[in-house]
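Colleague: Sharing a structure, written as structure tokens. Questions coming.
Here, each number is a calculation from the coordinates, and none is a lab measurement. In this text, all values refer to a predicted model and were calculated from it rather than measured experimentally. Cβ coordinates were reconstructed from backbone atoms using ideal geometry, including for glycine residues, and neighbour counts include every protein chain displayed.
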Amino acid sequence: MRSHGLKTLCILWLAAMVLIALIAPIIASADPYMPIGKPLQSPQDHPPLGTDALGRDFFARVTYGARLSLSIPLLATLLTVFIGTTVSLTAIVVGGISDRLILALTNAALAIPGLLLAMLLVAGFGPGIPTVVIAVGLGGIPGFVRLSRSIFLGINKMGYIDAAYALGASRTRIALSHLLPNAAPQLLSLATTHFAWAFMGTTTLTFLGLSGDPSVPEWGAMLNSGRMHLIQAPWLTIIPGILISLTILTIHYLGENYTDR
């Protein structure tokens, strides 16, 4: 019963964050980029969440920040899943030298932590939101390839796959009609876990100032700018920190729950 209640709370939290991102222009009347008052006004002086160091409405920045904070890791996860699934599926279907080569390259890439690999890519391509998406997406590919390959390998050993080959089905048909559909539930579970990692990775990179324009409303960048005013305006750090932490924990818990099911 307690587990069911926690799952419900996680779903409600994630749904609330998505809803806030969608209706940000409706619930936030101020422009998140334009100053509207004195800098560092407290929530009591300027409800509901005060102003930041430049006098911008912090509530507007938080609500608009939900858009980037959720969409950046989502795009990065889609990139990881698409490339990772394609590579691992090709490795299993083609087999032989191709499979061994892909496995060797994946194992070598796994020696470098995904977040460090993403930071190296951002350093090479230059800061910016598109770069963060690409860097985090590419950084998660080695781990996704390794795990998804194991899923496809287990399905490829099933008897109906041998029967399909015996009936003359092509490798492409087997991959698209048998391997991919049967692996879809496990791949979805794996993608959910990678989304939590991508969320943490993107907010880490934006916190380090690698998102390019520091005025962009994004929770990681807001956490970075707020730490310089931690004493006189702690809400600038506490609020985005709580939002980031709860969202990561929520996504991770729901992913584990789906995996158990």
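Colleague: Spelling out what I want: for every residue of the stretch 15-29, take phi, set θ = phi - 60°, compute 6.51 cos²θ - 1.76 cosθ + 1.60 (Karplus), and round to whole Hz; glycine and proline get x.
Modeller: 5, 5, 5, 5, 5, 4, 5, 6, 9, 3, x, 7, 8, 10, 7
Colleague: Taking amide H positions as placed 1.01 Å from N in the peptide plane, with prolines and chain starts having none, which residues 5 or more places from Arg56, or on another chain, fall under 5 Å of its amide H?
Modeller: Excluding prolines and chain starts, which carry no amide H, the hits are Ile36.
Colleague: Using only Cα atoms, locate the centre of the stretch 155-222 and the centre of the stretch 8-81, then give the distance between them in Å, rounded to an integer.
Modeller: Centre-to-centre distance over Cα atoms comes out at 28 Å.
Colleague: Choose one answer from Ser148, Ser88, Ser98: the residue with the largest mean-square fluctuation in a GNM of the chain with alpha-carbon springs under 10 Å.
Modeller: Ser98
Colleague: When the C-alpha atoms of the stretch 46-127 are aligned to their principal axes, what extent does each axis show, in angstrom, from largest down?
Modeller: Cα extents, longest axis first: 66, 24, 18 Å.
Colleague: Still on this structure, please answer the following. Suppose we take every Cα in the chain and form the convex hull; what volume per residue is that in Å³?
Modeller: On the way: hull volume 38.3 nm³, N = 261.
Per residue, the Cα convex hull of the chain comes to 147 Å³.
Colleague: What ranking of Glu218, Glu256 emerges when the number of other C-beta atoms within 10 Å of each C-beta is taken as an exposure proxy, fewest first? Present the calculation step by step, with values, prior to reporting the outcome.
Modeller: Values: Glu218 27, Glu256 14.
With the sparsest Cβ surroundings first, the list reads Glu256, Glu218.
Colleague: Could you compute how fast the stretch 10-92 diffuses translationally, taking Rh as the Kirkwood radius over C-alpha pairs and applying Stokes-Einstein at 10 °C with viscosity 1.306 mPa s? Give it in µm² per second.
Modeller: Working: Rh = 14.8 Å.
Once the numbers are plugged in, D ends up at 107 µm²/s.
Colleague: So, one more: Go ahead and set up a Gaussian network model of the chain, Cα springs under 10 Å, then flag whichever of Pro39, Pro181, Pro127 fluctuates most.
Modeller: Pro181
Colleague: Could you compute Rg(Cα) / (2.2 N^0.38 Å) for the stretch 72-208, with N its residue count?
Modeller: Taking the Cα Rg and dividing by 2.2 N^0.38 Å, one obtains 1.14.
Colleague: Of the trypsin sites (Lys or Arg not before Pro) in the stretch 136-241, which ones lie in a loop per DSSP and count no more than 16 other C-beta atoms within 10 Å? Kindly include the intermediate steps, with their values, before the conclusion.
Modeller: Details: sites: Arg146, Arg149, Lys157, Arg171, Arg173, Arg227; in loops: Lys157.
Here the trypsin sites (Lys or Arg not before Pro) that fit, given the DSSP loop and packing criteria, are Lys157.
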